[in-house]
Amino acid sequence: MSVEAAFDVFDAVAPEGWRVELIEGEIHVTPPANGEHEEIVSEMSGQVRDHRKDLGRYTGIGLYVLGASVSGKIVPDLVIAPKGSFTDELEYHDPGPVLFIAEVTSRSTGQNDRVKKVRGYARAGIPVYLLIDREADQAVLCTVPVGEEYTCKVPYKISEPVPLPEPLGFELDTGEF
């Protein structure tokens, strides 16, 4: 059985709330996030809503990010894109309309967020990637994707405001995390 076929089996039988991703050829099965993780994602989503009502805020949406994995199937913690960007019935969507992705680290998957997903999101041309690294107590703002890297990576201590560039154009208050 190929890795892609095994992924499809795991994805089909995963319990409700569990996340199955195929990242750079490895299948990762993650239990539902803990409360702190979800509070951070909820707070970020709320701040985007408060500043940019014209944008959609998506949690649990599957993206097809070539280069992030063999299959390219990724499920970010938070995706910001124009409203209506994902109206089809697909499970995994083209990342073309995505303006911003945020990942909040967990002990079990933090390394994927720090390394593998950064490469995939940069390759896909996602303009802004924000890594909330709970273990390092910092928010790393990644912008200007070139190849498989973001040429600008600026770390902020969690509690400091993070200036999100256009098209978002506001300061994210990480003190609320």
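Does any residue of the range 159-177 turn out to be part of a strand (DSSP E or B), touching a residue at least 60 places away in the same chain (Cβ under 8 Å) and open to solvent by 50 Å² or more (accessible area, probe 1.4 Å)?
There is at least one residue in the range 159-177 that is part of a strand (DSSP E or B), touching a residue at least 60 places away in the same chain (Cβ under 8 Å) and open to solvent by 50 Å² or more (accessible area, probe 1.4 Å).
Within the range 140-155, does at least one residue satisfy the condition of being part of a loop (DSSP other than H, G, I, E, B) and over 17 Å from the mean Cα position of the chain (by Cα)?
Scanning the range 140-155 turns up at least one residue that is part of a loop (DSSP other than H, G, I, E, B) and over 17 Å from the mean Cα position of the chain (by Cα).
Among all residue pairs at least 6 apart or on different chains, which show Cβ distances below 7 Å where the first residue, located in the range 99-118, is within 15 Å of ASP137 (Cβ to Cβ) and the second is part of a helix (DSSP H, G or I)?
Note: pairs meeting the criteria are VAL104/HIS37; VAL104/ILE40; VAL104/VAL41; THR105/ASP113; SER106/HIS37.
Among the residues of the range 106-138, write down those that are small (Gly, Ala, Ser) and either surrounded by fewer than 17 Cβ atoms within 10 Å (Cβ to Cβ) or more than 13 Å from the chain's Cα centre (by Cα) (or both).
Scanning the range 106-138 gives SER108, GLY125, ALA136.
Looking only at residues in the range 69-99 that are in contact with a Leu (Cβ under 8 Å, 6 or more places away or on another chain), under 24 Å from ILE132 (Cα atoms) and among the aliphatic types (A, V, I, L, M), which one is most open to solvent (accessible area, probe 1.4 Å)?
Looking at residues that are in contact with a Leu (Cβ under 8 Å, 6 or more places away or on another chain), under 24 Å from ILE132 (Cα atoms) and among the aliphatic types (A, V, I, L, M), I get LEU99.
If ALA136 passes every condition in (1) within 16 Å of ILE126 (Cα to Cα); (2) in a loop (DSSP other than H, G, I, E, B) but one, which one does it miss?
(1)
Scanning for something within 20 Å of GLY169 (Cα to Cα), in a loop (DSSP other than H, G, I, E, B) and at pLDDT 95 or above, does the range 68-82 turn up at least one residue?
No: the range 68-82 contains no residue that is within 20 Å of GLY169 (Cα to Cα), in a loop (DSSP other than H, G, I, E, B) and at pLDDT 95 or above.
Anything in the range 95-133 that is over 20 Å from PRO167 (Cβ atoms), part of a loop (DSSP other than H, G, I, E, B) and touching a strand residue (DSSP E or B) at 6+ places or on another chain (Cβ under 6 Å)? List them, or say none.
THR105, THR109
The values are calculated or read from the model by the stated rules, or taken from the named source; none is laboratory data. The model shown is predicted, which means the values in this text are computed figures rather than measured ones. Don't worry about glycine lacking a Cβ; one is built from the backbone with ideal geometry, like all the others, and counts go over all protein chains shown. Accessible surface is based on the protein model in full, side chains and every heavy atom, while ligands, DNA and RNA are left aside. Shrake-Rupley method; radii C 1.70, N 1.55, O 1.52, S 1.80 Å.
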